[in-house]
Amino acid sequence: MSLATRQAPFHAFTIRHSGRASRIITDVGVSAAFDPSAPPEHPAILETKALWDTGATRSVITKKTAGDLGLVSTGMTRVNHAGGTSNHQTYVVNFFLPNNVGAPGVSVSECEDIAGDFGAIVGMDIIGGGDMAITNHAGKTTMTFRVPPFEEIDFVSQANRILFAGIGRNDPCPCGKKGDDGRTIKFKKCHGG
Ligand SMILES: [Zn+2]
């Protein structure tokens with residue numbers, strides 16, 4: 001297969017920080033929802049910053065973002081927050097994440113300005129549509145995200161792979177656990193299972 005016809009099974013981007021990040025922030029484009037496969041005319045895309053928030057069930061855009069794009073409200077929704085409950089306009093938008101990662105047709109609610117000059121909050125509705133990892137190796141935060149979800153990331157499995165590298169499936173498990181017959185259990189029946 002030539003390189004030109006190869007396609008990765010997911011779209012991804014990676015954000016590397018020079019130190020420990022206290023928040024996850026990315027560039028984001030927001031537009032009125034449209035079909036990306038349709039002809040080239042499409043609504044204006046506003047470039048802004050997004051705060052990634054696993055505590056937000058739903059993504060949010062600011063009143064300013066909605067106003068700058070001239071979005072037409074699709075209705076109202078009740079939003080629960082620290083100060084109680086209030087009614088907010090809703091919109092359907094496309095999100096343009098770094099490196100051509102897209103989240104089209106996201107139903108968002110509107111909020112007042114977000115401290116720190118963010119135009120949007122990326123919530124679990126977008127995060128849950130892909131895989132996300134945050135690592136802090138050598139004191140430097142790296143955030144990586146892909147859509148669609150591709151495979152599980154599990155640090156326990158990784159630890160076991162490192163710990164038990166080179167052990168044959170039928171070897172006695174190095175943890176030394178014994179079966180009812182008093183013999184050490186095979187690796188494949190224990191930590192290699
Ligand atoms: Zn074991």
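Nothing in this text is a laboratory measurement; each read-out follows from the coordinates by a stated rule. Keep in mind that what you see is a predicted model, and the values were worked out from it rather than measured. Note: ideal-geometry Cβ built from the backbone for every residue, glycine included; neighbour counts use all protein chains shown.
Which cysteines does the chain leave without a neighbouring Cys Cβ under 4.7 Å?
Within the chain, the cysteines lacking a partner Cβ under 4.7 Å are Cys111, Cys175.
If I model a spin label as a point 7 Å beyond the Cα along the Cα-Cβ vector, how far apart are those points for Asp171 and His191 in nm?
Taking the two extended label points, one gets 1.1 nm.
When only C-alpha pairs under 8 Å and at least 6 residues apart count, what is the relative contact order of the chain, in percent?
Values: 358 pairs, mean separation 46.2, N = 193.
Relative contact order, the chain: 24 percent.
With 10 angstrom as the radius, rank Ser59, Ser31, Ser18 by how many other C-beta atoms surround their C-beta, starting from the fewest.
Values: Ser59 25, Ser31 18, Ser18 8.
Listed from fewest to most nearby Cβ atoms, that is Ser18, Ser31, Ser59.
May I ask you to derive the relative contact order of the stretch 154-193, considering only C-alpha pairs under 8 Å and at least 6 residues apart, and to give it as an integer percent? Let's see the in-between values first.
Details: 38 pairs, mean separation 14.4, N = 40.
Relative contact order of the stretch 154-193: 36 percent.
Enumerate lysine pairs in the chain that are 8 or more residues apart or on different chains, then count those whose Cα atoms are under 29 Å apart.
Close lysine pairs under the 29 Å cut-off: 9.
What FRET efficiency comes out for the pair Asp113/Glu47, r = Cβ-Cβ distance, R0 = 25 Å, nearest 0.05? Walk me through the numbers on the way to the answer.
On the way: r = 17 Å, r/R0 = 0.68.
Calculated value: 0.90.
Quick check: residue separation of Ser18 and Ile162 times 0.36 nm, minus the Cα distance between them. What number comes out in nm? Working shown, then result.
Working: separation 144, 0.36 × 144 = 51.84 nm, distance 2.74 nm.
Extra length available between Ser18 and Ile162 comes to 49.1 nm.
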